[in-house]
1. If I go through segment 39-50 residue by residue, how many of them are open to solvent by 20 Å² or more (accessible area, probe 1.4 Å) and either within 14 Å of residue 10 (Cβ to Cβ) or aliphatic (A, V, I, L, M) (or both)?
2. Which of the residues belonging to segment 61-110 are assigned to a loop (DSSP other than H, G, I, E, B), of a type outside the set (D, E, K, R) and open to solvent by 80 Å² or more (accessible area, probe 1.4 Å)?
3. What are the residues in segment 36-60 that are in a helix (DSSP H, G or I) and out of contact with any Leu (no Cβ under 8 Å at 6 or more places or on another chain), if any?
4. Take residue 32 and decide whether it is within 20 Å of residue 101 (Cα to Cα) and in contact with a Ser or Thr (Cβ under 9 Å, 6 or more places away or on another chain).
5. Given the criterion more than 24 Å from residue 101 (Cα to Cα) and open to solvent by 70 Å² or more (accessible area, probe 1.4 Å), identify the matching residue among 20, 25.
6. May I ask you to list the residues in segment 1-26 that are in a helix (DSSP H, G or I) and over 17 Å from the mean Cα position of the chain (by Cα)?
7. Kindly list the number of the only condition in (1) in contact with a Phe, Trp or Tyr (Cβ under 9 Å, 6 or more places away or on another chain); (2) touching a residue at least 12 places away in the same chain (Cβ under 8 Å); (3) loosely packed, with under 14 Cβ neighbours inside 10 Å; (4) not charged (D, E, K, R) that fails for residue 53.
Amino acid sequence: MEKDKIKRLRQEFKNYIICKFPDIKRSTIDTYIGDAFYVYRHEQELNINFFDLFNSLETISEFRNKLLEHQKNNAVKYPNASTGTYICGLNRLYSFFEEKYGGVDNFINS
């Protein structure tokens, strides 16, 4: 069930990005989507529920340090830059949930 939700979310988020940024390249759209779902792909390593991050912008902001630590522990070459990129992706996804569904809980229950 969750995989179907994620698949639907990815497609809806892609459509949202295309509408929100109509002049960006396809490769940039794919990058935005990949960045937004990085945490989902590493949910177990990060010991976090992906959807719990979208309760507020503050929750995403507080998660930044945990993500930075994860990047450092995995010997990422530029951990601050990659963390910033993934946080930006989470913020875009948060905006999507707010604009389209009025919050993540409404998406989950849809």
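1. Kept after step one, since they are open to solvent by 20 Å² or more (accessible area, probe 1.4 Å), are these residues of segment 39-50: 40-45, 47-49.
Pick out the ones that are also either within 14 Å of residue 10 (Cβ to Cβ) or aliphatic (A, V, I, L, M) (or both) and you get 40-41, 48.
The qualifying residues number 3.
2. Initially, segment 61-110 is screened for residues assigned to a loop (DSSP other than H, G, I, E, B), giving 74-78, 102-103, 109-110.
Cutting the leftovers down to of a type outside the set (D, E, K, R) gives us 74-76, 78, 102-103, 109-110.
Listed by number, the residues that qualify are 74, 75, 78, 109.
3. From segment 36-60, those in a helix (DSSP H, G or I) are 36, 38-41, 43-46, 50-55, 57-60; that's our starting set.
The answer is 38, 40, 41, 43, 44, 45, 50, 51, 52, 55, 57, 58.
4. Working: within 20 Å of residue 101 (Cα to Cα): yes; in contact with a Ser or Thr (Cβ under 9 Å, 6 or more places away or on another chain): no.
Here the answer is no, as residue 32 does not meet what is asked.
5. Numbers: 20 fails: more than 24 Å from residue 101 (Cα to Cα).
Exactly one residue qualifies, and that residue is 25.
6. Of the residues in segment 1-26, the ones in a helix (DSSP H, G or I) are 2-20, 26.
Within segment 1-26, 19, 26 meet the criteria.
7. (3)
The values are calculated or read from the model by the stated rules, or taken from the named source; none is laboratory data. Bear in mind that the values here come from a model prediction, so they are computed numbers and not experimental data. FYI the Cβ positions are ideal-geometry reconstructions off the backbone, even for glycines, and counts take in every protein chain you see. To get the accessible areas, we keep the full protein, side chains included, count just its heavy atoms, and leave off ligands, DNA and RNA. Shrake-Rupley method; radii C 1.70, N 1.55, O 1.52, S 1.80 Å.
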